[in-house]
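Take a look at the structure set out below.
The values are calculated or read from the model by the stated rules, or taken from the named source; none is laboratory data. Predicted, not measured: the structure shown is a model, and the values here were computed from it. All Cβ positions, glycine included, derive from the backbone under ideal geometry; neighbour counts span all protein chains shown. Heads up: the accessible areas ignore ligands, DNA and RNA and are worked out on the full protein's heavy atoms, side chains in. Shrake-Rupley method; radii C 1.70, N 1.55, O 1.52, S 1.80 Å.
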Amino acid sequence: MREFESEDGVMLFGGARVTDLADEFGTPLYAVDEDRLRENYRGVRDAFSKHIDTRIHYACKANTGLAVLAALAQEGSGIDAVSIGEVMTCLKAGFRPEDMMYTGVNVSDAELKAVTDLGVMVNVDSLSELERLSRINTELPISFRVTPGVGSGHSAKVTTGHDGSKFGIPRDRIAGAYRRARELGFKATGIHAHIGSGGQRAEPFEDEMEVLAGIVNELKEDGFDLDFIDLGGGIGVPYRPNEDEMDLEDLAERVTGIMREETDVETLILEPGRYIVCDASVLLTRCVDVKDSGAKRYVGVDAGFNTLIRPAMYDSYHHVAIGNRFGKACTAKYDVVGPICESGDALAHDRALPDPREGDLVVIYNAGAYGFSMSSNYNSRPLCREAMVRRGKAELVREAEGIEEMWRHQRIPERLAR
Ligand SMILES: *Cc1c(COP(=O)(O)O)cnc(C)c1O
């Protein structure tokens, strides 16, 4: 897990005091450390590209903040997008259509048309999608998503590559899909798989590469020469103290080793989402209430699962610190809970914390991936603000939503108006 420094007992984030960020912008606040974001991108790119030509397609569903996207566009990243909304958001942030690949699942004809009209290539998820796309656009290159029969992930809810998954074309039908694509007049330039999200071991990625290399060689006998193998995303991040980071150098060496030995495909594409943004962001939330229920002690904060749903949705661990009493000795164990009217609304359970008080600033670690992007208006709470920090200087990059804005697409029928 990423460690942070402090100054006079106040945690530093991106060179700024977290209390200053909270005071300047208000809470709850997602804060992004721009330098860390760029370092994470460069780290994964460099680990793989020293072995083989590598393109990073940031899987933007992890975090579609325009400022985050703009920084990654500047780094030269590409994009893996899963919806027309993501495609258009990335164009707005400065990516070009040719930098993007669209990997949808259960995609409508209208969305296929919209995406290809913008010039973005489609990574085809099913035989039905192939036939439907052939009636819309055969000019752009395509690739196929195969179900590799290898799954990996921090939760069953985000494991995607196993046999029987809703994602991809089954292994035994993939060669037929390429032949059908040729008949339909497509140029298929690559093969793709994505085994799941948050894997911490290299072996599933090796197994996945073995499967893809096997398919590539089978296709070669059929006259298909592919330009790229896309291994998808899923590189995990340590969320707990003392949890080891994944050894990227080792992963890169193993996976590219298989690719180079077994295929003559020249380009590797990777789609890391979580790895790039996760530890580049924290969620700052104010302690508003401290309660001793007898059985349990609670730290009540102003962010709930409307702001960060991962603990409630996946039982995910997010580390918690008191930003204004950083590193102080802990007094007792607390549940950190939010303002949502459900008992499941907790950000953390049984955490040793240093005597939390009203007004304290609670810092939730590793909030950059699937944090803001999964937040909601539940309990009619507006979406929160975001700031980007760079070398001690902070800028607001998203204003808090207004309450009126939650009504803007609603109508009250005339007969009910009063
Ligand atoms: C979600 C997703 C990713 C990114 O997964 P991470 O675990 O965030 O790296 C990559 N590719 C596809 C197709 C995805 O759906």
Practice problem: Could you work out the relative contact order of the chain, using alpha carbon pairs under 8 angstrom and six or more residues apart, expressed as a whole percent? | Solution: 20
Quiz item: Going by alpha carbons, how many degrees (0 to 90, nearest 10) lie between the helix axis of 174-183 and the longest principal axis of the chain?
Solution: 60
Exercise. Give me Rg over Rh for the stretch 76-235, both radii from the alpha carbons and Rh done the Kirkwood way, two decimal places.
Key: 0.95
Exercise. State, as an integer percentage, the relative contact order of the stretch 34-276 based on alpha-carbon contacts under 8 Å between residues 6 or more apart.
Key: 21
Self-check item: Acute angle (nearest 10 degrees) that the helix 203-221 long axis makes with the longest principal axis of the chain, alpha-carbon atoms
Solution: 20
Exercise. Please give the net charge around residue 123, taking every other residue with its beta carbon less than 12 angstrom from that of residue 123, where Lys and Arg add +1 and Asp and Glu add -1.
Key: -4
Exercise. Would you mind checking the tilt of helix 34-49 against the longest principal axis of the Cα atoms of the chain, expressed as 0 to 90 degrees and rounded to 10?
Key: 30
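Could you report the stretch 103-185's accessible area per residue, 1.4 Å probe, as an integer in Å²?
Value returned for the stretch 103-185: 45 Å² of accessible area per residue.
In percent, what relative contact order does the stretch 1-137 have, based on Cα pairs under 8 Å that are 6 or more apart in sequence?
Reported as a whole number, the value is 15 percent.
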Practice problem: Provide the percentage of antiparallel DSSP beta bridges, counting only those with both residues in the chain; round to the nearest 5. | Solution: 45
Quiz item: With Rg and the Kirkwood Rh both taken from Cα atoms, where does Rg over Rh land for the chain?
Solution: 1.01
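Based on DSSP H runs of at least 4 residues, each adding -39500 (n - 2.57), what is the mean residue ellipticity at 222 nm of the chain after dividing by all its residues, to the nearest 500 deg cm²/dmol? Don't skip to the answer; put the middle values down first.
Values: 11 runs with 114 residues, N = 418.
The helix-only estimate for the chain comes to -8000 deg cm²/dmol at 222 nm.
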Quiz prompt | Mean Cβ count within 10 Å, highest first, over the residues of peptides 239-251, 120-132 | solution = 120-132, 239-251
Quiz prompt | Reachable aspartates and glutamates from residue 393, criterion Cα separation under 12 angstrom, eight or more residues apart if same chain | solution = 20, 24, 33, 34, 35
Exercise. For the chain, give the percent of accessible area contributed by carbon and sulfur heavy atoms, probe 1.4 Å, rounded to a whole number.
Key: 45
Quiz prompt | Diffusion coefficient, µm² s⁻¹, Stokes-Einstein with Kirkwood Rh over alpha-carbon pairs of the stretch 348-395 at 37 °C and 0.692 mPa s | solution = 235
Quiz item: Which one of 326, 339, 184 is farthest out on the positive end of the charge dipole of the chain, using unit charges on Cβ (Lys, Arg +1; Asp, Glu -1) and the Cα centre as origin?
Solution: 339
Self-check item: Computed E for residue 23/residue 293 - FRET, C-beta separation, R0 22 angstrom, nearest 0.05
Solution: 0.15
Quiz item: If we count every other residue with Cβ under 15 angstrom of residue 378's Cβ, Lys/Arg +1 and Asp/Glu -1, where does the sum land?
Solution: -2
Quiz item: How big is the charge dipole of the stretch 34-276 about its Cα centre, in debye rounded to the nearest 20, if each Lys and Arg gets +1 on its Cβ and each Asp and Glu gets -1 on its Cβ?
Solution: 880
Practice problem: Between beta-carbons, use under 13 Å as the cut-off and find the net charge around residue 35, counting Lys and Arg +1, Asp and Glu -1. | Solution: +2
